[in-house]
Amino acid sequence: MQAKFEEYARLLVEVGVNIQPGQNLVIASPVETAWFARLCARAAYAAGCREVVMNWKDDELTREKYLHAAGDVFDAVPEWQSAFFNGYAREGAAYLAISASDPENLKGVSSDRIVRGQKSSNAALKDFYRLQMSNGFPWCVGSVPIPSWAKKAFPGCSGEEAVSRLWDAIFTAVRVTGDGGAVERWRAHLDTLKARIDKLNALGLESLHYTNALGTDLTIRLPEEHLWCGGSGVAKSGVPFIANMPTEEIFTAPLRDGVDGVVYASLPLVHDGNIIDKFRFVVKEGKIVEANAQEGEETLRAAISLDEGAARFGEVALVPYDSPISRQKLLYYNTLFDENASCHLAFGEAYPECVKGGEHMSKEELARRGLNDSITHVDFMVGTADLRITGRTRDGREADIFIDGNFAL
Ligand code: ZN
Ligand code: ZN
């Protein structure tokens, strides 16, 4: 196992954020995974990192805070915190986040506190989020099991067994075998994604039409000069990085006013420490006008009411139903993995890189191109084994994009 842990840490640091000599690295990590954060720090220093700076997370303390802290705590962010995040983002430091949380950590917490907390954090950390969305600095999200999370993914297993099974699943998902060949396997994988991107960009699509037996019947118009992206991005410094490990998706942005119909979620969504399940949206001229969920409806409604753009879409992502993560037939209860098992959409902000030259455009210019703006961005899964996506090109042709859940191109 030790060889796999070290190979994985190196993969996140050398390929994920692609740390450069003299560059600072911020690592966000749960306290339970400190041992793994140390492996990442060692790998970073070995690659010439200037300093590794830690941002520790703790589910239990977060829950205590949401339940018991003074109310005004959620309306402001301490100055040192915004200086920390915005400062490292502005200098172009690398940012590695280890995503591991109990999916129901905030169950029972008032959604008002969560929404207020998000709003103030998004306002105070504006530079950090803006630079993150537009590849201003290299960032990577990876995951390490913790017992509370692993037990949700493997119910009925003891904590220790669940953690070990989740490790096996993650290693498969991120192509780590312990033989030291993960970097090579990632190169080949990125080439596959690139080939799909090139095909879709060459089509010159105007719109996509989604249908499946769940009841989804959704038309999504795409901006002129939209670009399909995926795999690795390029930071402002010119250095390539991979924002999510694993990543199986290729994605672009929808027109903010150009989405119509009904869309059903195909997998549960873990959001704000709550599970939202069996939900659907009715969308008119881009705006979600109806939202229902059998579980977690309050959380869902709060999420799409954060601001004007939260009720509109910002991402269209294609993932084949036979992707390696989908084939695991495991519900991870963590969007980093579940979104890579399924075609998904996101409500909230669009990535500027999804329109030609977008990384250098102002918010106003991006809005003129039809991209959605919001303080939030939440992926939700819509892919099924029978999903059909038909494209219409700008010159009036029809093209099969997905048939029976997989690429038809
Ligand atoms: Zn995505
Ligand atoms: Zn997304």
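The values are calculated or read from the model by the stated rules, or taken from the named source; none is laboratory data. All values derive from a computational prediction rather than experimental measurement. Heads up, the Cβs are rebuilt from the backbone with ideal geometry, glycines too, and the neighbour counts pull from every protein chain shown. Each accessible area value is taken on the protein alone, full model and side chains, heavy atoms only, with ligands, DNA and RNA left out. Shrake-Rupley method; radii C 1.70, N 1.55, O 1.52, S 1.80 Å.
3J(HN,Hα) along the range 287-294, derived from phi through the Karplus expression 6.51 cos²θ - 1.76 cosθ + 1.60 where θ = phi - 60°, amounts to 9, 6, 9, 9, 9, 10, 9, 6 Hz, with x in place of Gly and Pro.
What the Cα atoms of the range 279-409 give is an Rg and a Dmax of 15.9, 43 Å. Accessible area of the chain with a 1.4 Å probe: how many percent of it is carbon plus sulfur? Ligands and nucleic acids excluded, carbon and sulfur reach 50 percent.
Candidate cross-link partners of K119 among the lysines, defined by an alpha-carbon separation under 23 Å and a same-chain spacing of 8 or more, comprise K57, K65, K107, K287, K363.
Taken over the range 70-167, the ratio of Cα radius of gyration to 2.2 N^0.38 Å equals 1.34.
Of all the C-alpha pairs in the chain, what % are more than 27 Å from each other? In whole percent, the share of Cα-Cα pairs in the chain beyond 27 Å is 49. Backbone geometry of the range 357-370 corresponds, through the Karplus equation with coefficients 6.51, -1.76 and 1.60 at θ = phi - 60°, to 3J(HN,Hα) couplings of x, x, 4, 9, 8, 6, 4, 5, 5, 4, 5, 4, 6, x Hz, x marking Gly and Pro. Less than 5 angstrom separates the built amide H of V141 from those of A97, N244, M245, all sequence-distant by 5 or more or on a different chain.
Checking the a/c ratio against 1.5 first, then a/b against b/c, what shape does the Cα gyration tensor give for the range 336-409? Oblate is the answer for the range 336-409, as a/c is 1.5 or above yet b/c matches or exceeds a/b. Each stretch of four or more DSSP H residues adds -39500 (n - 2.57); spread over every residue of the chain, this sum gives -9500 deg cm²/dmol at 222 nm. A compact globular protein would have a Cα radius of gyration near 2.2 N^0.38 Å; the ratio found for the range 199-264 is 1.36.
If Y45, Y66 are ordered by their accessible area, calculated over protein heavy atoms with a 1.4 Å probe, which sequence runs from highest to lowest?
Y45, Y66
Computed 3J(HN,Hα) for the range 55-68, one whole-Hz value per residue from the Karplus formula 6.51 cos²θ - 1.76 cosθ + 1.60 where θ = phi - 60°, is 10, 7, 10, 8, 3, 5, 5, 4, 5, 4, 5, 4, 7, 10, glycine and proline marked x. Ranked from largest to smallest solvent-accessible area, with a 1.4 Å probe on the protein heavy atoms, T172, T252, T211 come out as T172, T211, T252.
Bridge orientation summary for the chain: considering DSSP beta bridges with both residues in this region, about 80 percent are antiparallel. Between E51 and N24, L25, the built amide H atoms are under 5 Å apart, and every one of these is 5 or more places off in sequence or on another chain.
The dipole here belongs to the chain: it is taken about the Cα centre, uses +1 on the Cβ of Lys and Arg and -1 on the Cβ of Asp and Glu, and is about 500 debye. Among residues other than Y210 with Cβ under 13 Å from its Cβ, the summed charge is 0 (Lys and Arg +1, Asp and Glu -1).
Only the Cβ atoms of Lys and Arg (+1) and of Asp and Glu (-1) were treated as charged; on that basis the dipole of the range 336-409 about its Cα centre amounts to roughly 360 debye.
Keeping every protein chain present and rolling a 1.4 Å probe, give me the accessible area per residue for the chain in Å². Show your work: numbers first, answer last.
Working: 17050 Å² over 409 residues.
Solvent-accessible surface per residue comes out at 42 Å².
Database remark: amide H of F347 closer than 5 angstrom to the amide H of G314, V378, F380 (H placed geometrically; neighbours at sequence offset of 5 or more, or on other chains; Pro and chain starts carry no H). Compute the Cα gyration tensor for the range 89-232, then decide on rounded, prolate or oblate, letting a ≥ b ≥ c be the square roots of its eigenvalues: rounded whenever a/c is under 1.5, prolate when a/b is larger than b/c in the other cases, and oblate in all that remain. Rounded is the answer for the range 89-232, as its axis ratio a/c remains below 1.5.
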